[in-house]
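The values are calculated or read from the model by the stated rules, or taken from the named source; none is laboratory data. Fair warning: this is a prediction, and the values are worked out from it, not measured in the lab. Because the Cβ atoms are built from the backbone with ideal geometry, glycine has one as well, and the counts that use them run over all protein chains shown. Note: areas computed on protein heavy atoms with side chains; ligands, DNA, RNA excluded. Shrake-Rupley method; radii C 1.70, N 1.55, O 1.52, S 1.80 Å.
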Amino acid sequence: MPTLLVTGGCGFIGANFIRWQLQTHADQKVVNLDKLTYAGNPENLADVASDPRYVFEHGDICDREFVDRVLKDHQPDLVVNFAAESHVDRSILDSGPFVRTNIVGTQILMDACRAVGTQRYLQVSTDEVYGSLGAEGFFTEETPLAPNSPYSASKAAADLLVRGYVHTFGFPAVITRCSNNYGPYQFPEKLIPLFISNALKDQALPVYGTGHNVRDWIHVLDHGRGIDAALRRGRVGEVYNFGGHSEVRNIDLTLTLLELLGKPKTLIKYVTDRPGHDLRYAIDCAKAETELGWKPQYNFRDGLRETIDWYLANTAWIDRIKSGEYRKYYEQQYGGRL
Ligand code: NAD
Ligand code: DAU
């Protein structure tokens with residue numbers, strides 16, 4: 001049975017990806033290597049934990065001995081690296097963990113893959129490595145890297161390291177760069193789950209700056225299908241962009257969320273802007289559509305309704321997160337803004 005190693009599988013995208021892999025590829029073992037940082041929640045995979053094809057390895061991708069041991073024990077054919085510090089605001093407060101996990105972790109993981117002869121490695125990157133767009137245009141795979149935050153700079157650095165390994169060692173890697181994901185199990189520090197959970201409790205929705213910043217939203221399962229296609233059918237050394245063809249201004253998204261939740265606009269609170277806040281992301285995914293035969297399947301409004309329904313049915317999941325480390329962190333950093 002072939003083995004797929006996923007790092008960061010207890011986070012938002014990784015957990016959705018692993019569940020979909022187990023449903024879609026029956027004859028495959030999935031190993032999940034995760035450190036369980038504040039964002040890693042084993043509860044996100046509780047329903048598959050007893051599947052005999054699923055194995056959890058608790059540890060840090062920066063721990064060379066541990067990573068070498070996991071790779072030797074499981075000899076994965078395929079590896080997908082989701083493990084990362086993923087939140088831009090946290091990278092502004094402290095970039096240390098971002099440099100460590102996102103760059104050093106990638107290097108350690110790739111070295112371990114080389115040692116066991118992994119057939120294919122996929123680096124999960126982000127559209128934020130391209131920087132910011134003005135009112136017009138789209139990011140293509142040829143857009144120069146111009147990251148603007150410590151988070152995106154650490155992701156761009158990892159992408160360059162992957163590129164260096166492909167060219168120097170013939171390392172069989174592909175890179176994917178995706179826009180903003182939404183869907184179930186997203187940690188409630190990110191815009192959509194934060195605003196849903198605040199609105200449900202009649203708490204303020206903190207819109208940064210003017211609210212005119214634009215993001216291109218894609219359902220997490222559309223992203224997961226794209227990663228699977230690039231992993232199995234992508235060309236070594238190539239980059240593939242994924243987006244949802246769903247550009248929305250933050251303020252318009254906020255108004256839609258309030259409308260769908262039946263909550264008043266008075267919950268909107270304009271707050272100080274994020275330093276270095278990128279204005280607009282928009283993706284040209286023609287390469288993935290042509291080469292990989294991939295297309296986003298979700299319509300944003302339908303996906304958003306489905307996502308809201310999931311959070312409404314899982315308020316206890318959010319409460320458990322918000323009553324713990326998450327709340328203490330935000331209260332310290334933002335003076336109890338939430
Ligand atoms: P997340 O923060 O929800 O999850 C990250 C996971 O990585 C957690 O389970 C965490 O425990 C684990 N992790 C962190 N540091 C680790 C370490 N040192 N060793 C092992 N595990 C570690 O993140 P996400 O939103 O699911 O994003 C996953 C990946 O996708 C990231 O690489 C991110 O850059 C990328 N990405 C995210 C988005 C998005 O919209 N969320 C879009 C494009 C790309
Ligand atoms: O584009 C892909 C990226 O999308 C990923 O690489 C990142 O891992 C992921 O976190 C996400 O980054 P963003 O910074 O775009 O996501 P976030 O949900 O933090 O913010 C979305 C937009 O909403 C952004 O313009 C900032 C704004 N925002 C965010 C928060 C948390 C607010 O106005 N208020 C908020 O409280």
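Numbers below:
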read-out: Which numbered condition residue 72 misses (of (1) under 25 Å from residue 177 (Cα atoms); (2) modelled with pLDDT of 95 or more; (3) part of a helix (DSSP H, G or I); (4) more than 14 Å from ligand 2 (Cβ to nearest atom)); value: (1)
read-out: Qualifying positions in the stretch 1-51 - hydrophobic (A, V, I, L, M, F, W, C), touching a Leu at 6+ places or on another chain (Cβ under 7 Å) and near ligand 1 (Cβ under 8 Å from one of its atoms); value: 10, 15, 33
read-out: Top-ranked residue of the stretch 241-298 - restricted to ones that are outside any loop (DSSP other than H, G, I, E, B), more than 16 Å from ligand 1 (Cβ to nearest atom) and of a type in the set (Lys, Arg), ranked as least open to solvent (accessible area, probe 1.4 Å); value: 287
read-out: Pair list, Cβ < 6 Å and 6+ apart or interchain, from the stretch 30-43 residues that are farther than 9 Å from residue 58 by Cβ and in contact (Cβ under 8 Å) with a residue 40 or more places away in the chain to residues that are open to solvent by less than 10 Å² (accessible area, probe 1.4 Å) and assigned to a loop (DSSP other than H, G, I, E, B); value: 41/10
read-out: Test for residue 82: is it more than 19 Å from the chain's Cα centre (by Cα), within 15 Å of ligand 2 (Cβ to nearest atom) and open to solvent by 10 Å² or more (accessible area, probe 1.4 Å); value: no
read-out: Pairs, first more than 15 Å from ligand 1 (Cβ to nearest atom) in the stretch 52-64, second part of a loop (DSSP other than H, G, I, E, B), C-beta under 7 Å, six or more apart; value: 53/28
read-out: Residue 212 vs. criteria open to solvent by 40 Å² or more (accessible area, probe 1.4 Å) and either more than 10 Å from ligand 2 (Cβ to nearest atom) or part of a strand (DSSP E or B) (or both); value: no
read-out: Qualifying residue in the stretch 135-156 (condition: open to solvent by 10 Å² or more (accessible area, probe 1.4 Å), more than 16 Å from ligand 2 (Cβ to nearest atom) and in a helix (DSSP H, G or I)); value: no
read-out: Candidate set from the stretch 170-190 (those that are in contact with a helix residue (DSSP H, G or I) (Cβ under 7 Å, 6 or more places away or on another chain), among the polar types (S, T, N, Q) and closer than 13 Å to residue 244 by Cα); member that is farthest from ligand 2 (Cβ to nearest atom); value: 181
read-out: Residue check for residue 121: crowded, with 21+ Cβ neighbours inside 10 Å, touching a residue at least 40 places away in the same chain (Cβ under 8 Å), away from ligand 1 (no atom under 15 Å from the Cβ) and within 25 Å of residue 232 (Cβ to Cβ); value: no
